[in-house]
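Working notes, beginning with the structure itself.
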Amino acid sequence: MPRINVLPEEVRNYISCGEVIESPASVVKELVENALDAGADRIDVKALEAGLGFISVTDNGSGMDFEDLKLSLEPFATSKIKVKNDISSVQSLGFRGEALASIANVAAVKIFSSTGSTGAVILSEGGREIDHREFSCPRGTTVEVRKLFFNAPVRKRFLKSPKYMNGEILRVVREYALSRPEIVFSLRIDDKNYFDDLSSSDDEKERVRKIFGFENADYAALENPMMGLRCFAYPEDYKSSRRFQFIFVNRRPISNAAFLKAAENAFEGYLPRGKHPPLFIYLTAASGLIDVNVHPAKREIRFQSPRAFYQMVYDVLRNKYSRNQSAVYPLASGTDTTSELLPRGAEGSSDIPSASLFENGAVKESVAPEPFPGTPVGPRWDSFRYVGKSHGKFLIFSTFDALHIMDFHAAAERINYEKIKQKIKQGNVASQKLLVQIEVKLSTDEAAALQDNSDILIKLGLALKYYSGSVFISAVPAGFTGSEKDMLEKISACLLEGKKHHDIFESLADRAVKIIACHMSFRAGDDIKPHDAETLIQELKKCSEPLRCPHGRPVMFSIPVSKIDSILRR
């Protein structure tokens, strides 16, 4: 007796629906995509009991007639493609013909649809047709889903909490409302309404404002015959998570960790480490450059030249924020002095070359937002006068119109970082030999990462030797005064991390230079003399990016005398 069984159609359909319909949010996603593909300009979504009790999606799209409505519940029945070659050029959100059939297999589904001239209704439960007849209704389609997963108790048991599932439904509708600002969406979950103020006249920026309330977008774009890129960023509203970062490819919401990593690296030095700005990336690409047929959920897209696409995102954002160099660092909450940060510094540029695929694309950006009210035009370094120090880590300077508080470690770090980078370019980083070699115990992977990058370390003035599982430091960069052991441990860790994540946006050498510069710099508690403070100012004004340390922290902020007068009621 054979042990291999050919599964009956009912079982096959049940299995395949699990790839498409994972939760109530999956149902909403598929139905919204169908509505968009039908050309709707208004889509209304309702959900009760976290979507398990009831979901309805109503649109004013092209609708279906009596015959098409019946076929719509058949597996692999679609109006989007006819032959295999159509898949490579598909422009619609859906094309697999699985959505309605998959939903109907695990729920009770009722569909009203009309082309404007004829209408029909069909009712199905658990994949079995119960009713199908002509029916008069407005042009468009309404899909009602009840008793979701009524015949899939295991799937239902592993669903998350109602609060979480409601949040996922909101997320899905919000993503499509952001991707299609010209379409009006409404959402009602139980007794709460969302997106009541959306309009068909919205553009991307206005849609973001209405949904999230973010103002003052920074805008950067790239134009190319093969693709286009528009980025809206809100660095002043930075967050500790990436939940306000969205990517849309050909108006399809997608997940792509590499794009977000590109953005993170582009903002390095402009925002504090670990902080992420609200970011909305709209990418359009010729169909031959991408493949959307990767997974039934279509959240992932395969790119023909992934590195080029990721590099493009990095370059567009980095170009924007290497021009606007003033880092964003609000002061303590509860104050109204956020506007008194030091202003934007001199222009800089990215060291990373543009990918050849897009080398002809011209980067265009909108006019930058106006400076904060009361912010001076630029730091007048020659007028800085040293006043004193505070708390063992700050230096205080005055100019005729402001007080300036400097983090002297961050300032020294910036100076040392740029000096080392300049010496590397000139090829003259000097080393100083240690009288006694310093042994550092590292893991096998960390030691291997050091050996793999020995050419980088030599250029940085580091000389290492390897004996039976240990690493010995025999020379360090000239002028290095910190802990050699601590420095090497951090360098090995960062090299290993870069190797694991294939970080193409920040060179490993640059990461190592930042660590060395940090360990060469003044530390909190160091006895800073007046001449040291004056030297810091003189050296800082020579830097290309004097207002932030290499890791992105602010070097100083200023408080205008007018602000002090206001606080003291003078």
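Derivation of every value follows stated rules applied to the coordinates shown; laboratory data play no part. These numbers were taken from a predicted model, which means no experiment stands behind them. Neighbour counts are summed over all protein chains in view; Cβ atoms, including those assigned to glycine, are modelled from backbone coordinates with ideal geometry.
Structure notes:
- The loop-placed trypsin sites (Lys or Arg not before Pro) in segment 211-273, going by DSSP, that have at most 11 neighbouring Cβ atoms within 10 Å of their Cβ come out as Arg243, Arg273.
- Ordering of 548-559, 125-136 by packing is 548-559, 125-136, highest average first (other Cβ atoms within 10 Å, averaged per residue).
- The equivalent ellipsoid that matches the C-alpha gyration tensor of segment 509-567 spans semi-axes of 26, 16, 12 angstrom, in descending order.
- Hz values of 3J(HN,Hα) by residue in segment 164-181 - Karplus curve (6.51, -1.76, 1.60), Gly and Pro given as x: 5, 5, 4, x, 5, 4, 4, 4, 4, 5, 4, 4, 6, 5, 6, 6, 10, x
- Report note on the peptides 478-484, 166-172: ranked by the mean count of other C-beta atoms within 10 Å, highest first, their order is 166-172, 478-484.
- Here Asp196, Asp65 are placed in order of increasing Cβ neighbour count within 10 Å, fewest first, which gives Asp196, Asp65.
- This ranking places Cys231, Cys494 by how few other beta-carbon atoms lie within 10 Å of each, fewest first, which gives Cys494, Cys231.
- 3J(HN,Hα) from dihedral phi, segment 382-391, Karplus parametrisation 6.51/-1.76/1.60, rounded to Hz, x for glycine, proline: 5, 9, 5, 10, 5, 10, x, 10, 8, 6
- Calculated FRET value between His531 and Ser470, using beta carbons and R₀ = 41 Å, to 0.05: 0.50
- Subset of Lys261/Lys542; Lys389/Lys542; Lys389/Lys563; Lys156/Lys261; Lys389/Lys514; Lys239/Lys529 violating a 29 Å alpha-carbon distance limit: Lys261/Lys542; Lys156/Lys261; Lys239/Lys529
- Value of Rg/Rh across segment 379-570 [Cα atoms, Kirkwood radius]: 1.06
- Annotation: amide H-H contacts under 5 Å for Phe557 (H modelled 1.01 Å from N, sequence separation of 5 or more, or interchain): Ile405.
- Viscosity 1.567 mPa s, temperature 4 °C, Stokes-Einstein D of segment 111-221 from Kirkwood C-alpha radius, µm²/s: 75 µm²/s
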